[in-house]
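Undergrad: Supplied in structure tokens, the structure appears directly below.
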Amino acid sequence: KKSYKGTTTHTFAKKGRYTITVTGTDGVSDLVKTKTLSVKKYETPTIRIVALMPNPAGKDTKVEWITIENRSKKSVDLKGWSIATKSKTQTKNFTNHPITKSLTIKPGEKKRLTKKHAAFTLGNTRQYIELRDPRKKTLQSIRYKLEKSAPDDAVYTKTPGRPWTWSSAS
């Protein structure tokens with residue numbers, strides 16, 4: 001494929017070994033680089049949101065959190081993953097909040113995401129949340145809708161084999 005953009009990406013449809021040639025030019029001379037690339041099947045790790053706090057006591061900004069659990073057998077760096085949110089049922093599109101810093105989770109470990117990892121905001125009464133892998137594939141969807149604001153410090157938690165429940169943080 002040809003591209004005249006400063007940055008170009010390509011997704012390979014099949015696994016295998018590929019020879020890639022990149023040519024850059026300034027109009028006077030060309031620079032040619034050739035590399036061999038091995039494309040492997042992407043094994044989707046089992047990463048899940050297991051808890052969240054949308055309404056911490058006091059000011060919510062930068063204090064809301066989401067807990068992620070690694071149920072895979074390998075460590076996973078969440079950089080490049082994202083939390084997508086929307087709060088209105090009429091709105092079709094989610095806002096994607098990429099995890100911009102390296103955050104490695106070991107097998108069986110849980111880590112808390114905050115605004116310093118991804119610039120998400122959680123609604124106190126209603127929210128749609130998606131956990132997306134680096135390919136932008138949705139791995140988990142969560143929704144809550146409350147008649148009134150979630151109590152201060154209430155945690156929405158998921159235990160395997162049970163439905164999501166609200167509980168006190170203490």
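The values are calculated or read from the model by the stated rules, or taken from the named source; none is laboratory data. Owing to the predicted nature of the structure, the values given are computational and were not obtained by experimental measurement. Note: ideal-geometry Cβ built from the backbone for every residue, glycine included; neighbour counts use all protein chains shown. These area figures cover heavy atoms from the full protein model, side chains too; ligands, DNA and RNA do not enter into them. Shrake-Rupley method; radii C 1.70, N 1.55, O 1.52, S 1.80 Å.
Undergrad: So in the stretch 102-135, with the set limited to residues that are under 22 Å from K73 (Cα atoms), of a type in the set (K, R) and not in a strand (DSSP E or B), which one is farthest from the chain's Cα centre (by Cα)?
TA: We begin by selecting, within the stretch 102-135, every residue under 22 Å from K73 (Cα atoms); these are 102-113, 131-135.
Subset that is of a type in the set (K, R): 106, 110-112, 132, 135.
Filter again for not in a strand (DSSP E or B), leaving 106, 135.
Working: K106: 16, R135: 10 Å.
The extreme case among them is K106.
Undergrad: Given K14, K88, which one is out of contact with any Leu (no Cβ under 8 Å at 6 or more places or on another chain), within 26 Å of Y144 (Cα to Cα) and not in a strand (DSSP E or B)?
TA: Working: K14 fails: within 26 Å of Y144 (Cα to Cα).
The match here is K88.
Undergrad: Answer with yes or no whether L113 is at pLDDT below 95 and aliphatic (A, V, I, L, M).
TA: Values: at pLDDT below 95: yes; aliphatic (A, V, I, L, M): yes.
It is true that L113 is at pLDDT below 95 and aliphatic (A, V, I, L, M).
Undergrad: Moving on. Go through (1) open to solvent by less than 70 Å² (accessible area, probe 1.4 Å); (2) in contact (Cβ under 8 Å) with a residue 12 or more places away in the chain; (3) assigned to a strand (DSSP E or B); (4) of a type outside the set (D, E, K, R) one by one and return the number of the condition G24 breaks.
TA: (2) is the only condition that G24 fails.
Undergrad: Is it fair to say R162 is basic (K, R), farther than 30 Å from F12 by Cβ and either open to solvent by less than 40 Å² (accessible area, probe 1.4 Å) or assigned to a loop (DSSP other than H, G, I, E, B) (or both)? Spell out the reasoning first.
TA: Details: basic (K, R): yes; farther than 30 Å from F12 by Cβ: yes; either open to solvent by less than 40 Å² (accessible area, probe 1.4 Å) or assigned to a loop (DSSP other than H, G, I, E, B) (or both): yes.
Criteria met by R162.
Undergrad: Name the pairs whose Cβ atoms lie under 6 Å apart, with the first residue in the stretch 111-136 and without any contact (Cβ under 8 Å) to a residue 40 or more places away in the chain and buried (at least 17 other Cβ atoms within 10 Å of the Cβ), the second part of a strand (DSSP E or B) and not basic (K, R), and 6 or more positions between them or separate chains?
TA: A118/I83; A118/H97
Undergrad: Just checking, does the stretch 30-46 include any residue being open to solvent by less than 30 Å² (accessible area, probe 1.4 Å) and at pLDDT 95 or above?
TA: Scanning the stretch 30-46, I find no residue that is open to solvent by less than 30 Å² (accessible area, probe 1.4 Å) and at pLDDT 95 or above, so the answer is no.
Undergrad: Right, another one. Quick one: how many residues across the stretch 42-78 are under 16 Å from E109 (Cβ atoms), assigned to a loop (DSSP other than H, G, I, E, B) and touching a Phe, Trp or Tyr at 6+ places or on another chain (Cβ under 8 Å)? It would help to see each step written out before you state the result.
TA: Pass one, the stretch 42-78, residues under 16 Å from E109 (Cβ atoms): 45-51, 65-78.
Subset that is assigned to a loop (DSSP other than H, G, I, E, B): 45-46, 71-75, 78.
Those still in the list that are touching a Phe, Trp or Tyr at 6+ places or on another chain (Cβ under 8 Å) too: none.
The qualifying residues number 0.
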